[in-house]
Amino acid sequence: MDLRKLKTLIDLVSDSNISELEITEAEGKVRIVKADPRLALLAGSAQSSMMMPAPMAVAASPAPIAPLVVADATAPAGHVVKSPMVGTFYRSASPGSKTFADLGSPIKEGEPICIIEAMKIMNEIESDKSGTVTRILCENGQAVEFGQPLFIIE
């Protein structure tokens, strides 16, 4: 197809109310689609913001970086029992019943220490180590994430 003819077709589509034009001739097929002007404005602003250069920091000479070693003061001493799932933490089987584990209580490996409710199912969480509960890191009824520390056992 002739370039002049193609330009004329493009001008006709852009000036009219039609959004798409497809013409098939012996020489080939041409399809012209008019973009939504609102999308063109959004694309133009996104493109211009992407093309702006980011400010660069320039250093005269690179300073040697010393390894930074910081002792984590919040790291608990002892064995950490972590949540195996996302859910709601409960210290007892029901609101009025005795808690599974209290501060200072001895725990044997395999004993239930809490319940995590996930999708309306109560999952008993068992201790994976014997010892004494030294810290309880969650409140009753608190939402917990996967891998979140629940108890410290020494």
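Checking each residue in segment 98-150 for being in a loop (DSSP other than H, G, I, E, B), farther than 16 Å from His79 by Cα and under 29 Å from the mean Cα position of the chain (by Cα) picks out Met119, Lys120, Glu139, Asn140, Gly141, Gln142, Glu145, Phe146. Taking every residue in segment 98-110 that is closer than 15 Å to Val80 by Cα and pairing it with any residue that is part of a loop (DSSP other than H, G, I, E, B), at least 6 positions away or on another chain, the pairs with Cβ-Cβ distances below 6 Å are Ile107/Ala101; Ile107/Ser127; Lys108/Ser130; Glu109/Ser127; Glu109/Lys129; Glu109/Ser130.
Each value in this text was obtained by applying a stated rule to the coordinates, not by laboratory testing. Remember, predicted model here, so these are calculated numbers, not experimental data. With ideal geometry, Cβ positions are generated from the backbone for all residues, glycine too; neighbour counts draw on all protein chains shown.
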